[in-house]
Amino acid sequence: MRDGEWLADTATEIRGVLKVMVDAGWLPGGTAVVGTDNMWEFVAVGGLADECGGARAAPDVHYDVASLTKVLATWPLVGRAVADGILGLDTRLAEYFPGGPYPGGEVTPRQILTHTSRLNPITWLECYTGTDTDLAEAILAEPLEEAGYRYIDRGFILLGLLLERLHGMPLDQLAAQLWEEVGMSATTYGPLPRSSSVAPTERRLPGAAPTWGVVHDEAAALMGGVAGHAGVFSTATDLGVFAREMLRANSGEGPAVLESWYPRQSWTPRVTVDEHCSRGLAWLVTDTGLVYHNGYTGTSLVLDPPTGRYVGVLTNAVHLGRRKTGLDDLRSAVLAAFRD
């Protein structure tokens, strides 16, 4: 199928699934970008929330991308730190956090990126509040779990803290410099002012205001909204820019936002997740070669390196509750669109 046909058909399919979900009351609305190297199309269905005065979903609306933070911020910054020679993928964290010894000092950045770090899988950080213990040291001091694959946010929290130490600069500033180079003018860490251009997420207490313009993830909120695993807000337009530039980096074309070896290594299957999917470095890799990542709030980004095609989806499905009915069907429809 030609790129133009694929783009139009995929946008139509996503629009249809989003409409079904909105009409059924499963989510307030959502937006998507469907693109190739030199063209894209946007989808926008429904609204943002009752609190937004009838504001509609649109390509320039900011959504809390949740765990897409891992691939929009931490993953590329790690790749650049490796290219600059200040970080080694297989260097023990004890080399960068020498205050130990800590059990977590044996963990490497590669193990964190592949979710085989054996770090404590419980993300909650409340137990460290009110103490004098440095957060990175507290996480590293926890006993390691049994070997194996397990999705762990704490590893990306550590990578974010490590990047700050290596550069002597806050993570949000490091990310902002990267996004400016990529051409992502809207992507940012929060907080953002409550407005009709920001989609609210969860209403945690009935009768209270929803989480709106501040990070939904509880651990990232304790960290002031800036963390390696969550905290970023972005738009469908910027997701398209990011996808296009990462695919260009992978192919060795265009400006060197990332050296090509890094996405190529990242998008190679390394750890089996199930019979159809593996984990690369940060990204999931399907048995057909698609690479993707999802975010808890209702977001997804899917790339197809051989064809240069991509789809980014932003919703605030969690606004209507953590069941997020229909979201799996939406994500399955997006993945299926690449089987032409």
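The values are calculated or read from the model by the stated rules, or taken from the named source; none is laboratory data. Because the structure is a prediction, the values reported are computed rather than measured. Here Cβ is always computed from backbone atoms with ideal geometry, including for glycine, and neighbour counts include all displayed protein chains.
Every residue in segment 1-41 that is among the aromatic types (Phe, Trp, Tyr) and surrounded by fewer than 19 Cβ atoms within 10 Å (Cβ to Cβ), please. Of everything in segment 1-41, just one residue is among the aromatic types (Phe, Trp, Tyr) and surrounded by fewer than 19 Cβ atoms within 10 Å (Cβ to Cβ), namely 6.
Quick check: is even one residue across segment 125-132 in contact (Cβ under 8 Å) with a residue 12 or more places away in the chain and within 22 Å of the chain's Cα centre (by Cα)?
Narrowing segment 125-132 to residues in contact (Cβ under 8 Å) with a residue 12 or more places away in the chain: 125-126, 129.
From the residues that got through so far, the ones that are within 22 Å of the chain's Cα centre (by Cα) too are 125.
Yes: segment 125-132 contains one or more residues that are in contact (Cβ under 8 Å) with a residue 12 or more places away in the chain and within 22 Å of the chain's Cα centre (by Cα).
Considering only segment 264-284, I want to know if a residue exists there that is within 15 Å of the chain's Cα centre (by Cα), closer than 22 Å to residue 114 by Cβ and assigned to a helix (DSSP H, G or I). Yes, segment 264-284 contains a residue that is within 15 Å of the chain's Cα centre (by Cα), closer than 22 Å to residue 114 by Cβ and assigned to a helix (DSSP H, G or I). Scanning segment 100-131 for residues that are in a loop (DSSP other than H, G, I, E, B) and touching a Pro at 6+ places or on another chain (Cβ under 8 Å) turns up just one, 120. For segment 227-244, the condition holds for no residue, the condition being that it is more than 22 Å from residue 32 (Cα to Cα) and out of contact with any helix residue (DSSP H, G or I) (no Cβ under 8 Å at 6 or more places or on another chain). Taking the conditions (1) within 30 Å of residue 256 (Cβ to Cβ); (2) among the hydrophobic types (A, V, I, L, M, F, W, C); (3) in a loop (DSSP other than H, G, I, E, B) in turn, residue 58 satisfies each one other than (1). Among the conditions (1) over 22 Å from residue 35 (Cβ atoms); (2) aliphatic (A, V, I, L, M); (3) under 15 Å from the mean Cα position of the chain (by Cα), the only one that residue 320 does not satisfy is (3). Residues in segment 132-173 that are assigned to a helix (DSSP H, G or I) and small (Gly, Ala, Ser) were compared, and the one that is farthest from residue 77 (Cα to Cα) is 141. Of all residues in segment 106-158, exactly one satisfies the criterion of being within 17 Å of residue 71 (Cα to Cα), surrounded by fewer than 20 Cβ atoms within 10 Å (Cβ to Cβ) and of a type outside the set (Ser, Thr, Tyr), namely 110. Any idea how many residues of segment 179-207 are buried (at least 18 other Cβ atoms within 10 Å of the Cβ) and part of a helix (DSSP H, G or I)? Looking only at that region, the number is 2. Look at (1) closer than 25 Å to residue 300 by Cβ; (2) within 22 Å of the chain's Cα centre (by Cα); (3) polar (S, T, N, Q) and you find that residue 108 fails only one, number (1).
Residues 31, 10: which one is in contact (Cβ under 8 Å) with a residue 60 or more places away in the chain, closer than 28 Å to residue 212 by Cβ and among the polar types (S, T, N, Q)?
Values: 10 fails: closer than 28 Å to residue 212 by Cβ.
Selected residue: 31, the only one of 31, 10 that is in contact (Cβ under 8 Å) with a residue 60 or more places away in the chain, closer than 28 Å to residue 212 by Cβ and among the polar types (S, T, N, Q).
Taking residues in segment 232-252 that are on the phi > 0 side of the Ramachandran plot and surrounded by fewer than 24 Cβ atoms within 10 Å (Cβ to Cβ), and partners anywhere that are aliphatic (A, V, I, L, M) and part of a helix (DSSP H, G or I), not one pair has Cβ atoms closer than 6 Å while being at least 6 places apart or on different chains.
Candidates are the residues of segment 69-90 that are of a type outside the set (Gly, Ala, Ser) and over 27 Å from residue 225 (Cβ atoms); the one that is surrounded by the fewest Cβ atoms within 10 Å (Cβ to Cβ) is 90. Are any of the residues in segment 6-14 more than 25 Å from residue 248 (Cα to Cα) and assigned to a strand (DSSP E or B)? No, that holds for no residue.
Listed by first and then second residue, the pairs with beta-carbon distance under 7 Å, at least 6 apart or on different chains, first residue in segment 89-110 and more than 18 Å from residue 261 (Cβ to Cβ) and basic (Lys, Arg), second at pLDDT 95 or above and not in a loop (DSSP other than H, G, I, E, B), are 92/105; 92/106.
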